[in-house]
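Participant: This structure is in structure tokens; I'll ask about it shortly.
The values are calculated or read from the model by the stated rules, or taken from the named source; none is laboratory data. A quick note: this is a predicted structure, and the numbers were derived from the prediction, not measured. Every residue, glycine among them, receives a Cβ derived from its backbone with ideal geometry; neighbour counts consider all protein chains shown.
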Amino acid sequence: MSGKRQTAITVNGVTENHAVEPRMHLIDYLREECGLTGAHAGCEHGVCGACTVRVDGEIVRGCLTLAVATDGRRVDTIEGLSDTGEIADLQKAFHEHNALQCGFCTPGMLMAAQDLVREMPNAGRDEIREYISGNYCRCTGYQAIVDAIETVLKARKEKSGASPALKVVK
Amino acid sequence: MKAPAFDYARPASLAEVFDLLDRHGDEAKLLAGGQTLMATLNMRLSQPGILIDITTLNEPALTGIRSDGATLSIGALVKHREIERSAPVAEQVPLLAQAVPHVAHIAIRNAGTFGGSVAFADPAAEYPACLVALDATIVLVSRAGERKVPARDFFKALYETDLQPGELVARGEFVAQKPGYRSVFMELARRHGDYAIVGVAANGKVAGGVLSDISLAYLGVGGIPVLARQAMAVLEGQAYSTELVGAAQRALANDLDPAADLYSSGATKMHLARVLTGRALAALAEGA
Amino acid sequence: MNARAELPVSAPGTKADTGYIGKSIPRANAKRLLQGRGAYTDDLRFPRLAHVVFFRSPHAHARIVSLDLSKARQSPGVIATFDGHAIAEYCTPWVAVLSHLKGLKSPAQYAVAIERACWQGEAVAAIIAETRAQAEDALQLIEVEWEELPVLTDMELALDPATPVIHPDLGDNLCFHRDFTTEGVDDAFARADLVVEDTFHFGRHTGVTLEGRTIVADYNPAQHSLTVYQGTQAPHMMQDIMSRHLNIPEANVRVVTKDVGGSFGIKVHVYPDEMATAAISVMLRRPVKFIADRLESFLTDIHAREHRVRTRLAATKEGKILAFEIDDLTGIGPYSVYPRTSGIEGNQVVNLTGGPYAHKEYRARLDVVFTNKNVTCQYRGVGHPIAVAVTEGIVDLAAQKLGMDPAEFRRINLIPDDAYPYTFPSGLKFELLSHHQCLDKLLALMDYTALRAEQTRLRGKGIYRGIGLAAMIEVTNPSPAFYGVGGARISAQDGATIRLEPSGMVTVLVSVTEQGQGNDAVFAQIAATVLGITMEKVKVVTGDTEVTPYGGGTWASRGAGIGGEAVLQSAKALKSNILDIAAAILNVDKGTLDITGNEVYDKLTGATKMPLSEVGRVGYFRPDTLPMDFQSELTVTRHYTPRGYGFTFTNGIQASLVEVDPDTGFVKLLKHWVVEDCGTILNPMLVDEQMRGGIVQGIGGALFEECLYSADGQMLNGSMADYLVPMAGEMPDMVIAHVESPTKTSELGAKGAGEAGTAGAPAAVMNAINDALLPLNARVSSQPFTPEKILRALGKV
């Protein structure tokens, strides 16, 4: 009864068809079935945030999500967001601020950061810290991450608030 | 840390859920967001034969936030994040609106559900204390139909509720905040989003500095959320003052008997519950 | 031509072009990590990969009466099951001692326990299956009969004659003991106007690297060769150990370290389960993977700290420190950890306590004892967080008793900046430190006077803020005196090979590894600067014993200082060789030529002579056009060993500003400042990030982190829900500044920077909390400073 089940999940815009055991969580599915190793299993009990991915547009813990439960749904990972350019500005800011060291938390951190930038365009430093407080980073001490996100928030606001005339200049 | 093998079903209707529950009995567990269940499965602390995934059920009895002005109901399958974003909840059940941001982190609140949290009945969780403070009603559903249980009777013991075999949480019903009433939710957690050492859900009427119909429910102090009836009695009909607060704090000795957790002794929890009580009452009185 | 200096590396007193050195250049290798396209060990794919999991003792101390693996062997997907005896036929046990830690003793340790388990989590059997989940399924079918043995968890009881001895063959529970004393210490305490004392407690920590320990071992029976893919800080050390304990010739063992998801000292040790994984690959003749999952990590990744230090300080009434005295007790679990031993942390506490100050007298006693908890060993900071907290805690207490401002008290006692080279009472030699410059800079940076005024004003309103200072020294760039002299086969030297490619690009192969701290980036900066080429022309390769020169790896804040110097010397040699070829091609004197912007130019006219691609083309493809007796050498290797000093010490000072809520015992971190002197700064952004990350790791220990054990040796908080690591919400912003006193032991002048943050932050936070509590007559000295401990100190519970 606990045999494999056929699933069709749209991962980064591509429909992936795999038969998986019901017990497989979404991160093992992405890594082992799809070969997408960007999302990481850091704790597998929902605390560290390294496995943060998007399901139907909302960030979730991949390790607390069953692959079979996402059958028929849309999953987006760091690889997808990188290829579409959706988070290019966040990635650039993280790079320039050195908001990553070992990089293991980074895919999850960027998923949370992009969610923050979309949800709270006016967030201040304390709100940024609170928003990413479910994503563990042992390396940076968080400040560079906060700096990078703050930079992007400002830039996106300026971009969205800029007049058409100004946009033409560049 | 891989979950043990189990079967999985995603029923399309409540009737199918009841069939599955009948068929599998104790072997079945409901997956209603899974933000606690999945962690316990990965740790092999739980080995169900089958998970019944109800998160995509499209049953009106279990979904949506609805209000008729007097009563607001929250479906079991409503996600924490929806409650957080709900204008009617903010307006009519402000206590709950204050509590939601303390529930773990956003990625968890995007998946975890109201009903899952209520049914799991973690004594350190936010919703159960709010439900008890607000004297909310929990609506349960089984093949036999719906059954309403006051939240104050629903939580029985540690992780034990009034839920019977074949029954699931359908929704919670809250009386919309009445004029003159205020709510305050406070908790002390060492890190944002952690289970609190202790927390208080407070609600009541404040008119001309006089407190009435105050309810105080505590989380993290025992096996279930605890309603502080003695402290509440002390406050009833009295004008807010530091002396009154002191009397209520002293009365908590008769209401709470907290057990130690990993980092805090019962005495520390008692002390912190008193501190929070003082702060919550001040906030109620000052309308903060 | 001033802009085109011959050797564009900073020299004291000159304004030479420093090229990329000292510039905040983002790390090139971070880009793949930002796209989720790194290559951590678990990202690699292998045909016929098997997965191993370990059955771990549920008891802290128990004899294996019987172990039945037969049912597990029949479980679906299971390939093999092994007990400790089976593994021991392929992997010999080890004993972790060092001869220069005299008397240090430890029993033989097996990859998988063969007779009894000595801590909860020790592996006693291995299950190998097609998938990890199947292997875990089979774990549940193992049947063991245990005979529980007496459990020792309280280190204070370890040496009590009534306490059972964990390893009867060793005679007692003492792993290592050290006494140190200067001659005049008793006299100093006798003539002191003030003697203060306190006892400091430090909880057990662990590293919680976000990537668990991961190893894939791939044995090739045809060649009798073993390739090990491992997230390790020391690939060559692991090569040596795998070779000796698995009896495979050294050259047949290759250790490959790709991206590593955090180390902090956790991944520089020999772990029994990883050794077993390698042995199992040999036994099964196929690749085998082991990942320590999060629950296993808490039980088996090395722990650290757990010290109790009784501390005394003697001073004159004028505020002159005369002497320090400490008595340090630390419990290390049932085994000294291989090959670095578990005596080092306590030894560091003895070496470093009192470090920044000019007192002459010192006495220390150290007892390192066995217990039935997980093993402890070197973890970021190694002894420094303890030595600094003990020193700075007692220094603050002395200042308080004398009614002196803590900053002023430090100014009186810090070793003068013109006193170097300086020999410290414990025997350490300091080349050049800058305590007073750092103190002055820190006080200005934080506006100390204004903060004190604000503190006083807020106290009137019932707001209790505290300011804590922590001066410190730090061991970096260790010489062979750290491990090699004690018999450990751990390289103190590192090497760099640099090759000019025909296209004019440069490949740099370095024995130091990258764990995210930015070693690869600074190596590229150094190579590009010395060679006069642009950064994008440089490719750095690390983490492969078959490819890079031999070296120690990444630990003890040595990567940039030692590896960087090897790169510098190697690049200088390559540059000379490039110019030899260019001079031969051009038929000019080599001394007239130099390189900048990827081109050879004439130093006299500034005229461009040829791009490096032309040097490469001729050197590789048309050497026939060069003189008959000329051989081009476009690959060079150089090594570097720090000599002259046992360690290249750094110094610095930190400050913490906190607010304590006296009703709840909660501490809010408001801000943190650091002034650090790590010599030549290669990349300010990366150095600052090392500081910040380190500070937060230190704060973790001060406020949150502790491995809690029950009396019967069960770890109580072995999950990320219960073991509290620092998260973004509670952490402060940190301001970092520097003083630069380059070491003269290398041409580069760089000292280490990786651990200073962790070393000093706990002391600064502790002193800040105690400063806040001072008007309430409360004091805490037991880390982590939980709300409950603070409330107890305040008499509220």
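Participant: All but one of (1) among the charged types (D, E, K, R); (2) closer than 25 Å to B:Lys269 by Cβ; (3) in a loop (DSSP other than H, G, I, E, B) hold for C:Glu740; which doesn't?
Facilitator: Answer for C:Glu740: the failing condition is (2).
Participant: Still on this structure, I have one more. Does segment C:747-797 hold any residues that are touching a His at 6+ places or on another chain (Cβ under 7 Å), part of a loop (DSSP other than H, G, I, E, B) and within 19 Å of C:Pro726 (Cβ to Cβ), and which are they?
Facilitator: Scanning segment C:747-797 gives C:Glu755, C:Gln783.
Participant: For segment B:194-204, check the following and say yes or no: at least one residue is farther than 30 Å from C:Ile790 by Cβ and touching a strand residue (DSSP E or B) at 6+ places or on another chain (Cβ under 9 Å). Show your work before the answer.
Facilitator: Restricting attention to segment B:194-204, the residues satisfying the condition of being farther than 30 Å from C:Ile790 by Cβ are B:203-204.
Remaining after also requiring touching a strand residue (DSSP E or B) at 6+ places or on another chain (Cβ under 9 Å): B:203-204.
Yes, the conditions are met somewhere in segment B:194-204.
Participant: Further, regarding this structure: Only one of these is among the β-branched types (Val, Ile, Thr), more than 14 Å from chain A (Cβ to nearest Cβ) and in contact (Cβ under 8 Å) with a residue 60 or more places away in the chain: C:Val253, C:Val228. Name it.
Facilitator: Numbers: C:Val228 fails: in contact (Cβ under 8 Å) with a residue 60 or more places away in the chain.
None of the other options fit; the residue is C:Val253.
Participant: It is to be established whether one or more residues within segment C:710-720 are small (Gly, Ala, Ser), in contact with a helix residue (DSSP H, G or I) (Cβ under 7 Å, 6 or more places away or on another chain) and farther than 17 Å from B:Asp261 by Cα. Explain how you work it out, then say what you get.
Facilitator: Narrowing segment C:710-720 to residues small (Gly, Ala, Ser): C:710-711, C:713, C:718-719.
Filter again for in contact with a helix residue (DSSP H, G or I) (Cβ under 7 Å, 6 or more places away or on another chain), leaving C:718-719.
Add one more test, that the residue is farther than 17 Å from B:Asp261 by Cα, and what stays is none.
Scanning segment C:710-720 turns up no residue that is small (Gly, Ala, Ser), in contact with a helix residue (DSSP H, G or I) (Cβ under 7 Å, 6 or more places away or on another chain) and farther than 17 Å from B:Asp261 by Cα.
Participant: Among the residues of segment C:684-708, write down those that are within 9 Å of chain A (Cβ to nearest Cβ), in contact with a Ser or Thr (Cβ under 8 Å, 6 or more places away or on another chain) and not β-branched (Val, Ile, Thr).
Facilitator: Hits for segment C:684-708 are C:Met685, C:Leu686, C:Glu689, C:Arg692, C:Gly693, C:Gly694, C:Gln697.
Participant: Using beta carbons and a limit of 7 Å, which pairs, at least six apart or on different chains, have the first residue in segment B:99-112 and at the interface with another protein chain (Cβ under 7 Å from one of its Cβ atoms) and the second one acidic (Asp, Glu)?
Facilitator: B:Ile106/A:Asp115; B:Asn110/A:Glu58
Participant: Provide a single number: the residues in segment B:119-148 that are closer than 23 Å to B:Leu20 by Cβ and outside any helix (DSSP H, G or I).
Facilitator: First pass over segment B:119-148, keeping only residues closer than 23 Å to B:Leu20 by Cβ: B:119-121, B:138-147.
Keeping just the survivors that are outside any helix (DSSP H, G or I) gives B:121, B:138-147.
Adding up the residues that qualify gives 11.
Participant: Scan segment B:57-76 and tell me whether some residue there is more than 11 Å from chain A (Cβ to nearest Cβ), crowded, with 21+ Cβ neighbours inside 10 Å and over 30 Å from B:Tyr181 (Cα atoms). Steps first, please.
Facilitator: Step one: of segment B:57-76, the residues more than 11 Å from chain A (Cβ to nearest Cβ) are B:57-76.
When the remaining residues are screened for being crowded, with 21+ Cβ neighbours inside 10 Å, the result is B:57, B:62, B:72, B:74-76.
From the residues that got through so far, the ones that are over 30 Å from B:Tyr181 (Cα atoms) too are B:57.
Within segment B:57-76, one or more residues are more than 11 Å from chain A (Cβ to nearest Cβ), crowded, with 21+ Cβ neighbours inside 10 Å and over 30 Å from B:Tyr181 (Cα atoms).
Participant: Do we have any residue at all in segment C:49-56 that's in a loop (DSSP other than H, G, I, E, B) and either within 14 Å of A:Phe94 (Cβ to Cβ) or away from chain A (no Cβ under 14 Å) (or both)?
Facilitator: The initial filter retains those residues of segment C:49-56 that are in a loop (DSSP other than H, G, I, E, B), namely C:49.
So of that shortlist, the ones also either within 14 Å of A:Phe94 (Cβ to Cβ) or away from chain A (no Cβ under 14 Å) (or both) come out as none.
Looking through segment C:49-56, none of the residues is in a loop (DSSP other than H, G, I, E, B) and either within 14 Å of A:Phe94 (Cβ to Cβ) or away from chain A (no Cβ under 14 Å) (or both).
Participant: Within segment B:249-285, work out how many residues are closer than 25 Å to B:Arg182 by Cα, surrounded by fewer than 19 Cβ atoms within 10 Å (Cβ to Cβ) and charged (D, E, K, R).
Facilitator: Qualifying residue count, segment B:249-285: 1.
Participant: Given the residues C:Ala772, C:Ala728, C:Ala750, which is the only one that is farther than 26 Å from C:Trp119 by Cβ, within 14 Å of chain A (Cβ to nearest Cβ), crowded, with 24+ Cβ neighbours inside 10 Å and not charged (D, E, K, R)?
Facilitator: Details: C:Ala772 fails: within 14 Å of chain A (Cβ to nearest Cβ); C:Ala750 fails: within 14 Å of chain A (Cβ to nearest Cβ).
From the options C:Ala772, C:Ala728, C:Ala750, the qualifying one is C:Ala728.
Participant: Among the residues of segment C:401-410, how many are buried (at least 17 other Cβ atoms within 10 Å of the Cβ) and farther than 12 Å from C:Ile321 by Cβ?
Facilitator: Qualifying residue count, segment C:401-410: 2.
Participant: Of the conditions (1) within 13 Å of chain A (Cβ to nearest Cβ); (2) more than 24 Å from the chain's Cα centre (by Cα); (3) within 22 Å of A:Asp126 (Cβ to Cβ); (4) not acidic (Asp, Glu), C:Ala721 fails just one. Which one is it?
Facilitator: (3)
Participant: Turning to a different aspect of this structure: On the given criteria, is A:Val53 aliphatic (A, V, I, L, M), within 13 Å of chain C (Cβ to nearest Cβ) and under 20 Å from C:Asp43 (Cβ atoms)?
Facilitator: yes
Participant: Further, regarding this structure: Hand me the list of helices (runs of 4 or more DSSP H) wholly inside segment C:260-355 holding 3 or more residues that are at pLDDT 95 or above, away from chain A (no Cβ under 14 Å) and over 20 Å from C:Ala126 (Cβ atoms).
Facilitator: Values: elements: C:272-284, C:294-300, C:344-352.
It comes to C:344-352.
Participant: Can you spot a residue in segment A:74-97 that is free of Cβ contacts under 8 Å to residues at least 24 places away in the same chain and among the basic types (Lys, Arg)?
Facilitator: Scanning segment A:74-97, I find at least one residue that is free of Cβ contacts under 8 Å to residues at least 24 places away in the same chain and among the basic types (Lys, Arg), so the answer is yes.
Participant: List the residue pairs whose Cβ atoms are under 6 Å apart, where the first residue sits in segment C:727-738 and is closer than 15 Å to A:Gly124 by Cβ, the second is part of a loop (DSSP other than H, G, I, E, B) and not polar (S, T, N, Q), and the two are 6 or more positions apart or on different chains.
Facilitator: C:Ala728/A:Ile132; C:Ala728/A:Tyr142; C:Gly729/B:His192
Participant: Can you find a residue in segment C:97-119 that is within 14 Å of chain B (Cβ to nearest Cβ), in a strand (DSSP E or B), under 23 Å from C:Gly718 (Cα atoms) and in contact (Cβ under 8 Å) with a residue 40 or more places away in the chain? So that I can check it myself, show each step before the final result.
Facilitator: Here is the first cut: in segment C:97-119, the residues within 14 Å of chain B (Cβ to nearest Cβ) are none.
No, because not a single residue in segment C:97-119 is within 14 Å of chain B (Cβ to nearest Cβ), in a strand (DSSP E or B), under 23 Å from C:Gly718 (Cα atoms) and in contact (Cβ under 8 Å) with a residue 40 or more places away in the chain.
Participant: Test B:Leu235 against the stated conditions and say whether it is crowded, with 16+ Cβ neighbours inside 10 Å, over 19 Å from the mean Cα position of the chain (by Cα) and not assigned by TED's automatic domain parsing to the domain that holds B:Pro123.
Facilitator: yes
Participant: Let me ask something else. Considering C:Thr476, C:Thr529, C:Thr513, which residue is within 14 Å of chain A (Cβ to nearest Cβ), in contact with a helix residue (DSSP H, G or I) (Cβ under 9 Å, 6 or more places away or on another chain) and either surrounded by 24 or more Cβ atoms within 10 Å (Cβ to Cβ) or part of a loop (DSSP other than H, G, I, E, B) (or both)?
Facilitator: Just one listed residue meets the conditions, C:Thr513.
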